[in-house]
């Protein structure tokens, strides 16, 4: 039956008026035509006015804003001894974290005077961390912890590895102390939530790189700055997820509790927190991963740890060394992710919750996704009764004895205190990697160069020419109108504000170059994400095969992606783009896959029943119905990509990112670096708002 | 706002006076929206729901509802979704604050008591069972049942003992250590029931407790409630949208529509003398012979008919009386106590039974 054949049925009486749903007729928006129109105006304008009013500024040239910031920095440094705020508040916070980091370092990683070695030697540290892993997550994960920490030593990066852990742990603990109460408070008071949520929005939209300069301005550089930076960056996810967890406790349960006369504090302690516990642990997991990522990047403000090694090696184009340090960061990421995840699952098991239908689903997925062999009998999935908790405590107590012996021994013998240098294979590994990379790059050179040229000449150069060589007012107009066409008046306002800020920083031209790279990378991300995501959404096997990789990739701090990209493509813009694509693909792919999977199975079945082909199914049913997820994936892809594109300044990515990097290495460029940070934030907010408002308009099909 | 068809004698028989009622609801209103309290007493209050919403933006949920529940009575509030019945039951313990009106439990006014007294009352005097159970997934059955006792501060030994009793009472012995998601829906609701009973409350409130269950399990649970009512004799207020359930469980039924009371009465009154077309339509599918008593089908005796022969009490349900009446030679006398109030013959019985056959 086709639409043409169907005459309106005369027999059907119109339903009573009040029952008719109100039909909102929407004018067709002709978005495509409008965008095409804008493009025509743009290209014509560009071809006529190319190269005029581009607002390009030479690298070393400072404008008044930059010098003002430089002055501000000098003032703050001068005021650090006198001003009550910088001396009394900031100074004390700074001193406290410096003191704390040093204390812990002396305990485990640097000589603690008068001893020539730390209070606890490497053997003790390994044993202690293994024990913590055992207590939190179980035997398998304890082994992973021990292997990871030992690798620090074998790679000759013992102190840096431990320092990275120290910064991360201090930040996470502080976040838990601050973030969970704030999240709880937000879940209970609407006004508080309304006040804080927009702040969290902005904080999460800001690329990690943009945090660096303002923090350095206030806290200076060093360990305390790194800690504060890490705390600020990793706090939002925990607050958010805590609030969400408490809010999503079912209203029926809250009501039932209310009918039994619970006080507010009983409600929190006995109902909401226990029921939200799992979600909160997920929040801690997210917080930890964010913290690690930032702890690595904090190398730019002279934060101690593995980030330093990666950064220096990248700057010296020493891929081997960067790969060793980067590999360790990946190991730490996997270790932290797996232990915190296992901790949340374990809690559940100890309570003996088994196999409801959904629980079964989660469990199956977990079983399939486990990437490490399951050794321990201790971990056998389901232990129903509470006594197992008691058993666990006893076994932890028993294991604690050899741990303490290790700690004692590590205080007595120098070889057990200081990781033996003869075990340091870091240099060898780095050389081997360098050799391999050279060989490999030679083998695939034709391919990589071809690909690089294709994207560079086919997409990147023309677009950059168009965006950066257009007069600034033409470009500003183009962005405004695209924003308006896609996202309506609110997007227009957002774009206008962000453009004004970018103009104010005096970095218009650099911002346009960065924007070009971001857009190109996002296009690549979305192509890959669509292909992988559709495959995963439609095919269980593809999903089960690909998802673990995505999960792992997602835990890797953005910084590390630069290493393989540099190895393959050498110094340049393109390397930054490749790293950004690699970083953006996992999240975008997952969102696309979930969207495709989320298409109602009834609709899919009905479409299949009408004899649709696979391609028709994808193009006419699944992708249109998953539109909301696609828009969300693009939004997230943009933000992820932007955050790496700017870090790419380190490997020749140029423009804003490079300015940020230079701001830390060259004293007189500090102001310009901070201005670049502001421009990055403005770009991020602009992209986010346009994507978000267009999602609001087009997302609902 | 009482039902127009209520006969005075029935009213006397079923509803106690204010003094000894277990629960008294007087002129209870709930209007959702800004400045809702200003509406009551104005002509706006008489507008239909739709008109009121268009005019003021407020939603009339419950409109001037009054009733009394006698101690030990099972009082059913019945209505379709959106009729305001769930709002009504929540106002009884102020889970939703009433806009106007009063609720008395025993002699105590719930609507005016402070936060602390209200909490005490919820802890000790009223138990509630919810449609979606509202169990705590992180606690075992026994701890869910004892939860109310725990929050009011009973010591561990006492509450374990009491909770165990309740678990046994609702037939869940052996499942004390299970977690809610290991149980079927019916069993979960038994936990909900046990939890409500554990505090030994004066009044039990049921908010559509069985609507989420399969029909067979629902029937089991209804019988369970009847059994528990016999054993513990609690006053119960039972919300449902299922007429059969209302007729089966209720000593009296209150029918709501658009927030207002349409009729209050015993099951046979609701079926035999529907207050308006709405109720009539509602009860049209009910097998009348299962609900109506002889009082509803008898006629006045002609001279001589009431002198001798078989007699049956007026409260006998038609279905149960049918065989005796059909077997009798002549008309059967209907008695209320010792007094003959009328007679029924084959014709009267068949009229009810055959009408049903016809309808179905």
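The values are calculated or read from the model by the stated rules, or taken from the named source; none is laboratory data. Note that the structure is a prediction, hence the values are computed from the model and not measured. Cβ sites come from the backbone with ideal geometry, for glycine too, and all protein chains shown count toward neighbours.
A few notes on this one:
- Of all residues making up the range B:256-290, the number that are more than 30 Å from residue B:59 (Cβ to Cβ) and within 19 Å of the chain's Cα centre (by Cα): 9
- Residues that are touching a strand residue (DSSP E or B) at 6+ places or on another chain (Cβ under 7 Å) and modelled with pLDDT under 90 do not occur anywhere in the range B:138-160.
- Yes/no for residue A:339 being buried (at least 18 other Cβ atoms within 10 Å of the Cβ), modelled with pLDDT under 90 and more than 14 Å from chain B (Cβ to nearest Cβ): yes
- Test for residue A:246: is it closer than 25 Å to residue A:339 by Cβ and without any contact (Cβ under 8 Å) to a residue 60 or more places away in the chain: no
- Residue among A:254, A:284 that is facing chain B (nearest Cβ under 10 Å) and part of a helix (DSSP H, G or I): A:254
- Qualifying residue in the range B:151-163 (condition: under 21 Å from residue A:249 (Cα atoms), within 13 Å of another protein chain (Cβ to nearest Cβ), in contact with a helix residue (DSSP H, G or I) (Cβ under 8 Å, 6 or more places away or on another chain) and touching a residue at least 40 places away in the same chain (Cβ under 8 Å)): no
- Boolean, residue A:240 is within 14 Å of chain B (Cβ to nearest Cβ) and modelled with pLDDT under 90: no
- Positions within the range B:76-110 being within 14 Å of chain A (Cβ to nearest Cβ) and closer than 24 Å to residue B:246 by Cβ, in sequence order: B:82, B:86, B:87, B:89, B:90, B:91, B:92, B:93, B:95, B:96, B:105
- Checked against (1) at negative phi; (2) in contact (Cβ under 8 Å) with a residue 60 or more places away in the chain; (3) touching a helix residue (DSSP H, G or I) at 6+ places or on another chain (Cβ under 8 Å), residue A:79 passes all but condition (2).
- Of all residues making up the range B:116-132, the number that are more than 7 Å from every other protein chain (Cβ to nearest Cβ) and outside any helix (DSSP H, G or I): 5
- Helices (runs of 4 or more DSSP H) enclosed by the range A:539-605 - at least 2 residues per element that are modelled with pLDDT of 90 or more: A:573-598
- Put simply, of A:670, A:664 the only residue that is in the same structural domain as residue A:580 (by TED's automatic domain parsing), buried (at least 22 other Cβ atoms within 10 Å of the Cβ) and closer than 24 Å to residue A:62 by Cβ is A:670.
- Boolean, residue A:648 is more than 27 Å from residue A:496 (Cβ to Cβ), assigned by TED's automatic domain parsing to the domain that holds residue A:564 and in a loop (DSSP other than H, G, I, E, B): no
- Failed item, numbered, when residue B:113 is tested on (1) within 13 Å of chain A (Cβ to nearest Cβ); (2) in contact (Cβ under 8 Å) with a residue 24 or more places away in the chain: (2)
- When restricted to residues that are over 28 Å from residue B:120 (Cα atoms) and within 12 Å of another protein chain (Cβ to nearest Cβ), the range B:186-217 contains 1.
- The condition (being more than 25 Å from residue B:230 (Cβ to Cβ), in a strand (DSSP E or B) and away from every other protein chain (no Cβ under 11 Å)) is satisfied by just one residue among B:63, B:55: B:63.
- Of the residues screened, residue B:170 is not one that is within 13 Å of chain A (Cβ to nearest Cβ) and either touching a helix residue (DSSP H, G or I) at 6+ places or on another chain (Cβ under 6 Å) or at pLDDT below 85 (or both).
- Selected residue [modelled with pLDDT under 90 and exposed (fewer than 14 other Cβ atoms within 10 Å of the Cβ)] from A:199, A:173: A:199
- Number of residues in the range A:95-111 that are out of contact with any helix residue (DSSP H, G or I) (no Cβ under 6 Å at 6 or more places or on another chain) and closer than 19 Å to residue A:121 by Cβ: the value is 7.
- Condition check for residue B:135 on (1) facing chain A (nearest Cβ under 9 Å); (2) closer than 30 Å to residue B:99 by Cβ; (3) surrounded by 16 or more Cβ atoms within 10 Å (Cβ to Cβ): one failure, at (2).
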